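Since every read-out is calculated from the coordinates, none of them should be taken as a lab result. On a predicted model such as this, the values are computed, not experimentally measured, just so you know. Cβ: placed from backbone, ideal geometry, glycine included. Neighbour counts: every protein chain shown.
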Amino acid sequence: MQKMDLNWFEGSFDDPVSPVNGAGVYVIWHSLGADNPETVYVGQGQIAQRLEERRYDGRLVHFRRHRLLVSCAAVPKGQRDGVERYLAHVLNPKVGEQWPDAEPIIVDLPFTYDVDIAARMLELVTPANA
């Protein structure tokens, strides 16, 4: 399985200025307390444009009562599907149900993770018959 290092940038979801110019992947999330992040949405594309679209996404209204954060990273187009697939599997976002049919590319996560996330990470790298 391929692995890639990302430089994550974090900002407020409500800030109209994207923390990353250009294209890549993004994770919309909030923290329910110390070391307890909850992933709301994972996506890819032209980051500023996609975040603007998500600000008007009715599926995210419920989560707006929390201070939503966004973490973004530049990713080359040919690797975005695999990175998004990995992030969606590992972070288990509350919104969204279709992910690219691509070989997952392992990346560093944008925030500290808990035991459930660690277990989903192992699912991807441990052979089924092990």
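Things to note:
- Around Phe63: net Lys/Arg minus Asp/Glu count, Cβ-Cβ under 11 Å: +4
- Equivalent ellipsoid, region 30-103 (semi-axes from 5 times Cα gyration tensor eigenvalues, Å): 21, 15, 12
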